[in-house]
1. Counting only residues that are of a type outside the set (A, V, I, L, M, F, W, C) and open to solvent by less than 40 Å² (accessible area, probe 1.4 Å), which one in the range 158-168 is nearest to residue 319 (Cα to Cα)?
2. Identify, by number, the condition in (1) buried (at least 16 other Cβ atoms within 10 Å of the Cβ); (2) of a type in the set (Ser, Thr, Tyr); (3) modelled with pLDDT of 95 or more that residue 376 doesn't meet.
3. Which numbered condition trips up residue 184, out of (1) open to solvent by less than 50 Å² (accessible area, probe 1.4 Å); (2) touching a strand residue (DSSP E or B) at 6+ places or on another chain (Cβ under 8 Å); (3) part of a loop (DSSP other than H, G, I, E, B)?
4. Pairs only if they're at least six apart or on different chains, beta carbon under 6 angstrom, first in the range 77-88 and under 18 Å from residue 198 (Cα atoms), second surrounded by 11 or more Cβ atoms within 10 Å (Cβ to Cβ) and not aliphatic (A, V, I, L, M); list them, first residue then second.
5. Residues that are touching a Cys at 6+ places or on another chain (Cβ under 9 Å) and open to solvent by 70 Å² or more (accessible area, probe 1.4 Å), at least 1 per element: which strands (runs of 3 or more DSSP E) completely within the range 37-126 meet that?
6. Go through the range 164-178 and give me each residue that's at pLDDT below 95 and outside any loop (DSSP other than H, G, I, E, B).
7. Looking at the range 202-313, what strands (runs of 3 or more DSSP E) fall wholly within it and have at least 2 residues that are surrounded by 17 or more Cβ atoms within 10 Å (Cβ to Cβ) and hydroxyl-bearing (Ser, Thr, Tyr)?
Amino acid sequence: YEFTHNDEYLNLNQMDNIIESSILSSASALDTDVKGLPLVVYNPATVTNRDYVTAVVPLAENTEKISVVSPSGKREKVQIISREADKATVIFTSSTPSAGISVYDIRPGESGSSSSSLKTGSRSIENRIYKIILDENGDIASIRDKRYGKELVKKGEAFALEMFEKNESFQWPAWEVLKTTIDREPNAVNEGVVISTEERGPVRATIKVERKHGKSLFIQRISLTDGACDDRIDIRCEVDWQSDGCLLKASFPTAFESSEATYDLGLGHIRRGINTETAYEVPGQKWADISADDGAYGITILNDCKYGWDKPDNNTLRLTLLHTPETGEWCANQATQDIGEHTFTYSIVGHQGALSSARAAEVSDALNQKKIVFVTDRHPGSLGKQFSM
């Protein structure tokens, strides 16, 4: 990919310019004459959704308070997550219509909404929907859905990273995952574990887990929100991958029996059973779902860039994250595949009852098609403070 890397950056910059010019052109007809600093929020998803938005705004170094007012005049929750000189990165809750543009009013010096259901402990995090408990390895040992009194994680196990050694392929190493590899007992990723609370705010709370395995380094940020995407547990990952001949998966052993899993195919979905000799590493696009055979409860796993899955038993779904094969001599250059730095997110959404593929598509789109924010000028406009295309 060395030859296409620069072209990809050029194309992305072109796309950024198209998005910025088109949205700001549309925003020129919006009423941005607000009290404070006008921000234009664009929702590219095909449904109205409520999520948090990230923005960089001017904020004097000695200013500690900030508020955000929605197009309807409601004060939204807002949280300063970092500062650099006279600029601050903030997140705030936002409900924007599908393919829509909304005007938000940022007011430095005013107090925003501070009430929140978010709680953190040394190894726990909680909002109005979930309570999550980590074990000493930083793995998720318990997720309690407080709405329905349901435990999501199989007793005695954990939602965890799994490392498979001797990931051999001498024929098609770039894309082949062998069943003998994923049938092995995986190694835990549990060296040098450090667990800390990184964020405690009204919008988002985050526990940070740092660890390593051999020469590879892992940082995971497990986050919950209040007033935004509260039924979504985000696991944001940064990995410096230096593990030769290894395969990394995220494993989700659930507390219920499920003989099949459902995989997103983009234009529809497909149900598959437990791994067989010929169908064990299978494709799924933005989401996959594992739901109880009795239809009582289920879990949808979302992701923003990982598309290989397997189901080793009646309780477990696994997502493939990184893949560096052991290769033969003719393709030895592929032995460095995936070596380097990676950032990716996967998320957990619990649901009562059977899978709704429409709902799964909506929540996966919200993760993959994030809202975009622009700072703009004050001016009147015939479209008001919100417009949907």
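The values are calculated or read from the model by the stated rules, or taken from the named source; none is laboratory data. Everything numeric in this text was worked out from a predicted model, so none of it was measured. We place every Cβ from the backbone using ideal geometry, glycine too, and count neighbours over all the protein chains shown. Side chains included, ligands, DNA and RNA excluded: accessible areas come from the protein's heavy atoms. Shrake-Rupley method; radii C 1.70, N 1.55, O 1.52, S 1.80 Å.
1. Applying the filter and picking the extreme gives 162.
2. Single failed check for residue 376: (3).
3. Of everything listed in (1) open to solvent by less than 50 Å² (accessible area, probe 1.4 Å); (2) touching a strand residue (DSSP E or B) at 6+ places or on another chain (Cβ under 8 Å); (3) part of a loop (DSSP other than H, G, I, E, B), residue 184 misses just condition (1).
4. Close Cβ pairs (under 6 Å, with a partner that is surrounded by 11 or more Cβ atoms within 10 Å (Cβ to Cβ) and not aliphatic (A, V, I, L, M)) amount to 78/92; 78/112; 79/201; 79/202; 81/89; 82/89.
5. Those strands (runs of 3 or more DSSP E) span 49-58.
6. Once the filter is applied, which keeps residues that are at pLDDT below 95 and outside any loop (DSSP other than H, G, I, E, B), the range 164-178 yields only 168.
7. Numbers: elements: 204-213, 216-225, 232-241, 247-253, 261-264, 269-272, 287-291, 297-303, 308-310.
Once the strands (runs of 3 or more DSSP E) in the range 202-313 are filtered for at least 2 residues that are surrounded by 17 or more Cβ atoms within 10 Å (Cβ to Cβ) and hydroxyl-bearing (Ser, Thr, Tyr), what remains is 216-225, 261-264, 297-303.
Conditions tested, residue by residue: (1) under 23 Å from residue 345 (Cβ atoms); (2) touching a residue at least 40 places away in the same chain (Cβ under 8 Å).
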residue: 166; (1), (2): no, yes
residue: 186; (1), (2): yes, yes
residue: 193; (1), (2): yes, yes
residue: 196; (1), (2): yes, no
residue: 199; (1), (2): yes, yes
residue: 206; (1), (2): yes, yes
residue: 218; (1), (2): yes, yes
residue: 221; (1), (2): yes, no
